[in-house]
Each structure stands twice: as structure tokens, then as C-alpha cells.
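Quick notes on the structure that follows.
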Amino acid sequence: MRAFRAPGRVNLIGDHTDYNDGFVLPLAIDRECVVRADPTTDGNVVARSKQLAGEVSVPADGSVDPAALTGWGRYVAGVVRVLAERGRPAAAIEATVSSTVPAGAGLSSSAALEVALALALCDAASFSLPPVELARACQEAEHIATGVPCGIMDQLTAVTGHADAALLIDCRTLAVDPVPLPQGVAVLVVHSGVTRSLDETRYAERRAECEEAATALGLASLRDASPDQVRAMPRARHVVSENARVLAASAALRVGAHGMLGELLSAGHASLRDDFEVSTPEVDALVTALEDAGALGARLTGAGFGGSVVALVGRRDAEDVAARAMARLRGETGLKPSAFVCRAAAAAGPLPEGSERRDHP
Ligand code: GLA
């Protein structure tokens, strides 16, 4: 039996910029999906999950259309299909999937599943793809599994993660530049308790609005727009201002300007809320509660429409800030938020043979 892990991610700043050829600053986190696989001879990819119901079984040759399935089987069929299209021999496996990335929290649980499964499938067939190609294949698997035209950030973060560093990614060139995270501050993730799913027509709508704005400006993508050009275009204005904030945030991180970094996070949230309109009243309330409780800055992370907030907090204050903000949100909304401090994790890959790591409970 061989086992492969792939991390979830939290995005520090740079949302809805990846599909506009822009910049993002995520980190792979110490919440991960592990796929353990044994080779079999019945021609199928069979998967069972410790957390998700149902057994999935699809032909290893990729002949099943993921759209014909429901639930998490769509991701399995999607990954099997995109790898078959790239030349993976139809080697069969029986796999166990176990994940500590919360689903529907905006932390890329599906990208972690896709990447870990893709590594197990490639290994079983003695096939391999360079990391960027693996990320692109898994992005395509997400497209065909869910119909959501996501960008490359989540899958690329899973395959390029660095322990103790955020990743400054140029989504035009796909160059990845690790930016070390300082010791004195913590990256706090708070799930609002409002579950979201990327099967949202609004994600596709926003992406289409960005493409229309670029076309109206005669540009290949909004990456090339100037602040003057988008002054009266709120969606495009978010993308242009967010790209600038990502670059400023990575510069602030490198020199330890934590106050400035926090301000950029909070400005990013205001832009996602007001210009891009992907926040919700509950997420706004959580951001305000975190700021009032002493976070240096806070913003929604990922696609929005619910999900999680990321906050930058002095390391010694993290638990206290989280507890006070969550108590206030519970009182104001009746929601059940949950929080954890995350560490930046290494890229997806095999678990060492005989590893002491156990399956997740
Ligand atoms: C989702 C998508 C990403 C990205 C974010 C928003 O996580 O999968 O590609 O677009 O939303 O930044």
C-alpha cells in the first residue's frame, strides 16, 4: 500500500485574481487529504472515504463522465478522466480517502482530494506529470466535476506548498515565489459556520463579468488594466486594486511590517464586499468582530459567499482574539463558528514508507 497527501490552502490575499492572470498569496496549510491505495486487477478505481458517505467505483480508463455522478464521486471520476486523457495507463486501484480539510469552508478540500488522488493514480500506473501540469489537470477535473470555472490557485498551492512560507504566485506565468512567514504573528482561520459550495452560479457570473470588462477595455485580461481605466467599473476595480494589494502585502511580509499587512487584508475585504460583492452579512460581521477583538487585519478567504475568514493576529493573542470574536458572532447571529491557527505546510507528495502518520480519525 502506498499513501499520498495533499494540503488544503488558505489565501492570505488575492481573491478572484487568479482567473484574471493576476497575483495571489496563499499558503498550503497543515490540514490535508491522504489517499492510501492498493493496486487491483478488476479494471476499476474504487474509493472509500472516512468522512464522506458512499463508495465510488469508476472504470480506470476514464470512460465515465463525472457529470453523470453525484457527490464526491464526481471528483474521483474527474481526476481519472483528465489523467486518462493525458496518457495515464488504466491501472486499477482500491483507495481509502481521509481528510482533515473541512468541506465547504473555503479551504480547498476538493483540490486536496484531487491532487492526493491524482498522485496515487499516477504512482499505480508508473506515470508522472510535472507539478504544474498535475495542477492544471486537477483544475480541469474540478471544472468537469462541478461545472465551476475555477482558477489555478488551489491546485497549484497544493503542489507547490512550502513549510513556513506563503506563496506569491503570478497566475500569468505560474511562477511561485515563497515568502517566509514571521514567527511573531499567527495566521488564524475562522469558519463562519455558513457552509459554501463552489457549485455557485455566482462564481461563474463574476468570472464572466471580469472577461467582459477586459474585452470592453480591449485587453487580454484585467491583469493589464490600470487603475484609471477601471475607475467606474467596480468588478474590474476590485481585481486591479487587489493585485496591487497582493504585491504590497508580500513586500510587507518580507520586511516584517505586520501592521501594514493587516491593513491590506482589511482593505482587501472591503473591496471583496463592496466592489466584487462576494461577501455575506455573517462574514462581514465576523471580520468586524475579529478586528474589534484585536486582529491586525481580517478578510474573507477564497471564493466567498460564506466560508472562512483569515486573520493576522499576534501569536500570543491568537486564541484570545478567536474566542472573543466567535462569542460575539454567536451572540449576533446564532451561528456556530470554529477556528484554528494554521501553519504553512509542504507540497503534496508521498507519505514516507512505514510512516508513523496514522489515518485521520
Ligand atoms: C476558488 C477558486 C480559485 C479562486 C478563488 C477566489 O477557491 O477555486 O481558483 O478563484 O475561489 O480567489
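Estimated from helices alone, the mean residue ellipticity of the chain at 222 nm is -12500 deg cm²/dmol (sum of -39500 (n - 2.57) over DSSP H runs with n ≥ 4, per residue). Peptides 145-153, 298-306 ordered by packing proxy, namely the average of other Cβ atoms within 10 Å per residue, highest first: 298-306, 145-153.
Between 0 and 90 degrees, rounded to the nearest ten: what's the tilt of helix 281-292 against the longest Cα principal axis of the chain? With both axes taken from Cα atoms, the answer is about 60 degrees.
Ranking Leu52, Thr173, Val76 by Cα position along the charge dipole of the chain, where only Lys, Arg, Asp and Glu carry charges on their C-beta atoms, puts Leu52 farthest toward the positive end. Projecting each Cα onto the charge dipole of the chain (Lys/Arg +1, Asp/Glu -1 at the beta carbon, about the Cα centre), which of Leu129, Cys342, Ser192 comes out farthest on the positive side? Going by the Cα projections, it comes out as Cys342. Nearest 10 degrees is fine. How inclined is helix 109-124 to the longest principal axis of the chain, computing both from alpha carbons? Around 30 degrees separate the two axes. For region 180-342, what class follows from the C-alpha gyration tensor (a ≥ b ≥ c being the square roots of its eigenvalues): rounded when a/c is under 1.5, otherwise prolate if a/b is larger than b/c, else oblate? It comes out oblate by the Cα gyration axes.
Among the trypsin sites (Lys or Arg not before Pro) in region 1-82, those located in a DSSP loop and surrounded by at most 14 other Cβ atoms within 10 Å of their own Cβ are Lys50. Within region 157-248, the trypsin sites (Lys or Arg not before Pro) that combine a DSSP coil assignment with at most 12 other C-beta atoms in a 10 angstrom radius are Arg231. Electrostatic bookkeeping for Asn44 treats Lys and Arg as +1 and Asp and Glu as -1; over the other residues with beta carbon under 13 Å from its beta carbon, the sum is -4.
Rounded to two decimals, the Cα-based Rg/Rh of region 2-173, with Kirkwood Rh, is 0.95.
What does the C-alpha gyration tensor say about the overall shape of region 85-219? Classify as rounded when a/c is under 1.5, otherwise prolate if a/b is larger than b/c, or oblate.
Since a/c stays below 1.5, the shape of region 85-219 is classed as rounded.
Surface composition of the chain: carbon and sulfur make up 52 percent of the accessible area, probe 1.4 Å. The residues of the chain present an accessible area of 39 Å² per residue when probed at 1.4 Å with all protein chains retained. When Rg and the Kirkwood Rh are both derived from Cα coordinates, the Rg/Rh ratio for the chain amounts to 0.97.
The values are calculated or read from the model by the stated rules, or taken from the named source; none is laboratory data. This one's a predicted model, so the numbers in the text were calculated from it and none came from an experiment. Ideal geometry is used to build each Cβ from the backbone, glycine not excepted, and the neighbour counts take in all protein chains shown. These area figures cover heavy atoms from the full protein model, side chains too; ligands, DNA and RNA do not enter into them. Shrake-Rupley method; radii C 1.70, N 1.55, O 1.52, S 1.80 Å.
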